[in-house]
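S.K.: Below is one structure. I have some questions about it.
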Amino acid sequence: MSALLLGLTLALAQVSSPQYPLTKAEASNYRQTSTLEDVMSFVRTLQQLGAPIRVETAGKSAEGRDIPLIVCAQPAASTPASAHRLGRVVVYIQANIHGGEVEGKEAAQMVLRDLAKDPSLLENLVVLVCPVYNTDGNEKFGDGRRNRPSQDGPEQVGERANGQGLDLNRDAVKAESPEMQAMLERVYNTWDPAIMMDLHTTNGTRHGYHLTYSPPLNPNTDPALLALVRDKMLPDIRAKAADAGWRLFDYGNVQNNGWYTYGQEGRYVTNYVGLRNRIGILSEAMSYLPFEQRIAVTKWFVDAVLRYASENATVIQTILNGADLEAAQLSGKPLGVRFEPESRGEEPVLLEKQGTARGLNIGELESVRMPIYDRFRSTLDRTAPEAWVLMPDQEAAAQLLARHGIVVERTLVEWTADGEWLSLTEIQRARNPFQGHRLVRLEGSWEKGSVRVPKGAFLIRSRQPLARLAFHMLEPESLDGLIAWEIVPIADDAKTAPILRIAERPAVPCIRFP
């Protein structure tokens, strides 16, 4: 009789337990990766099983595909206003920014499935997931050995660029892509996520780490925020990874006998997030690992960040609130406009042993001691002004600033102020286009005096939370700002830069733009 009851109990348990879906990767024994429709079918099945998720469309790609945004939250915290009122830490997970780098897309689906099974993390978090950011690139499936020659599986993957031929991880500042424009509107300026994760695959130096990572790299990022993510959060997670059998390290490649990270420019998404006073985390699974292993380590890393965010929610919110307040008081304080790599000291780095026969996968490893250039320092500082001024004909630039969430005003009268302008000695234009632009570099000296500002000019005050981003975009000497990207055009024979700096707090009637 007891055996019969046990059998009935097990049978009932099997009937009542939800049958959660497998990802395309799991179902194909890791030979294939998900199409956009595969992802949406997976998410719809989770919804049907009662998962605490809402499926939204963030926008349309250049080729007209929906860009999915999945909101995973308890009902009481399912809107931006309610989430912030309840003190939830909003975490945004973005995958597949490059269509051939596919393990983040699979890991993101698994994270959603785990939250459907056990939503306890949602007591402190709201999790936003864009599993396929580059929908156009994802759908251009081709031979994996052609699209990603050094990547160990799957059989077919998409392409790096979006439907416009742009690299979406160089578009954060200029925001020319519909993908970045959609996320500015639906994520950054609506949900204002405390943490953003960008999931990639790296195929550079043949090193011995399963995954490498990076915090925001621009030195103008809030110091307390950097201290938290670079010096506390990520090292703590790395230590836990070692206990779990994963080798993690700071992102980089071997150059000039050192370990060098990538650029500090805000064009890179996680650096951009740092300039918004929020935590950006780059995840780069090693492409020479088998596809299944890349998914596993990426998912482990995402899970670890979510757990850390949940366990340290109050600390994170306090530091980010302080960063907003500090940014609004930057006037008169120095910030960098030119930078160089900086070493934190020498450390051992795991590399493929010299002379090892090279196959697709990494061979025997050796430990090589070298300087770790995981950060940057300023080589040229400028003090933040009280405000910047764009002339009335620079409406496109003003529109872009406003799209980023920067407060822009338009003057209602002509006025005179104490100002500064860059008197030019050299205008350098890149010989070859980069992302559709010949990048501009200005050299010159600053002059001060009384400036007349016409009616209808655009005024951007530095006393606002996004002042660090405004500085990055508006400073004429910035190599990643409005002038550098040709958004504010400059003639070859120009004598002064077309952006003014205002030294005194403007007292002029204005209206909000747009």
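Bear in mind these aren't lab numbers, they're just calculated from the coordinates by the rules spelled out. All figures in this text were calculated on a predicted structure; none of them were measured in a lab. In this analysis, Cβ positions are derived from the backbone assuming ideal geometry, glycine residues included, and neighbour counts consider all displayed protein chains.
S.K.: On a 0 to 90° scale, report how tilted helix 2-16 is relative to the longest principal axis of the chain, with both axes built from alpha carbons and the result rounded to the nearest 10.
M.R.: Computed tilt is about 30 degrees.
S.K.: Spelling out what I want: for every residue of the stretch 142-154, take phi, set θ = phi - 60°, compute 6.51 cos²θ - 1.76 cosθ + 1.60 (Karplus), and round to whole Hz; glycine and proline get x.
M.R.: x, 3, x, 6, 8, 6, 9, x, 9, 9, 8, x, x
S.K.: Shifting gears a bit: Using only the Cα atoms of the stretch 379-514, build the gyration tensor, take square roots of its eigenvalues as a ≥ b ≥ c, and label the shape rounded, prolate or oblate: rounded if a/c is under 1.5, else prolate if a/b is larger than b/c, else oblate. It would help to have the intermediate numbers written out before the result.
M.R.: Details: a/c = 1.65, a/b = 1.36, b/c = 1.22.
Prolate is the answer for the stretch 379-514, as a/c is 1.5 or above and a/b outweighs b/c.
S.K.: Only Lys, Arg, Asp and Glu count, each charged at its Cβ (+1, +1, -1, -1), so figure out the dipole size of the chain about its Cα centre, rounded to 20 debye. Write out the running numbers ahead of the final one.
M.R.: On the way: 56 positive and 63 negative charges, 75 e Å.
Dipole of the chain, to the nearest 20 debye: 360 debye.
S.K.: Show the residues, 5+ positions off or on another chain, whose built amide H is closer than 5 Å to the amide H of Tyr92.
M.R.: Leu128, Ile195, Met196, Met197
S.K.: Taking the chain as the reference, fit the longest principal axis to its C-alpha atoms, fit the long axis of helix 313-327 to the helix C-alpha atoms, and give the angle between the two in degrees, 0 to 90, nearest 10.
M.R.: The angle comes out near 10 degrees.
S.K.: If amide H atoms are built 1.01 Å from N in the plane of the peptide, which residues on other chains or at least 5 residues away come under 5 Å of the amide H of Phe376?
M.R.: Answer set, sorted by chain and number: Glu342.
S.K.: Tally the DSSP beta bridges in the stretch 18-334 and give the antiparallel ones as a percent, rounded to 5.
M.R.: On the way: 19 of 42 bridges.
Of the beta bridges lying entirely in the stretch 18-334, close to 45 percent run antiparallel.
S.K.: Go through [x] 23.7, 90; [y] 24.4, 97; [z] 24.7, 71 and flag the label whose value is the computed Rg and Dmax of the Cα atoms in Å for this structure.
M.R.: The value matching this structure is [y].
S.K.: What lysines does Lys448 reach when the alpha-carbon gap must be under 17 Å and sequence neighbours fewer than 8 apart in one chain are set aside?
M.R.: The reachable lysines, counting only those whose Cα sits under 17 Å from Lys448, are Lys495.
S.K.: What are the residues whose amide H is under 5 Å from the amide H of Leu335, where those residues sit 5 or more places off or on another chain and H is modelled from the backbone?
M.R.: Excluding prolines and chain starts, which carry no amide H, the hits are Arg382, Thr383, Ala384.
S.K.: Next up: For the residue pair Glu347 and His437, what label-to-label distance in nm results when each label sits 7 Å from Cα along the Cα-to-beta-carbon direction?
M.R.: The answer from the label model is 3.3 nm.
S.K.: Determine which residues of the stretch 330-344 fall in the zone a paramagnetic label at Arg377 would reach in this model, i.e. backbone nitrogen under 20 Å from the point 7 Å along Cα→Cβ.
M.R.: Within reach of a label on Arg377, which here means backbone N under 20 Å from a point 7 Å along Cα→Cβ, the stretch 330-344 contributes 334-344.
S.K.: So, one more: Among 80-89, 118-127, 47-56, how do they line up from the highest to the lowest mean number of other beta-carbon atoms within 10 Å? Don't skip to the end; give the middle numbers.
M.R.: Working: 80-89: 16.9, 118-127: 18.7, 47-56: 14.9.
So the order, starting with the most tightly packed, is 118-127, 80-89, 47-56.
S.K.: Compute the angle between helix 234-243 and the longest alpha-carbon principal axis of the chain, please, reported from 0 to 90 degrees and rounded to the nearest 10.
M.R.: Helix 234-243 and the main axis of the chain meet at about 20 degrees.
S.K.: To continue, here is another question. Going by C-beta contacts inside 10 Å, put Val453, Val413 in order with the fewest on the left. Let's see the in-between values first.
M.R.: Details: Val453 23, Val413 11.
In increasing order of surrounding Cβ atoms, one gets Val413, Val453.
S.K.: Between Arg145 and Lys455, what is the FRET efficiency for a Förster distance of 56 Å, r being their Cβ-Cβ separation, to the nearest 0.05?
M.R.: Working: r = 61 Å, r/R0 = 1.09.
Taking R0 as 56 Å, the efficiency between Arg145 and Lys455 is 0.40.
S.K.: Gain in length, Lys448 to Ala81, computed as 0.36 nm per residue apart minus the alpha-carbon separation, to one decimal in nm?
M.R.: On the way: separation 367, 0.36 × 367 = 132.12 nm, distance 4.39 nm.
Net length gain for the segment: 127.7 nm.
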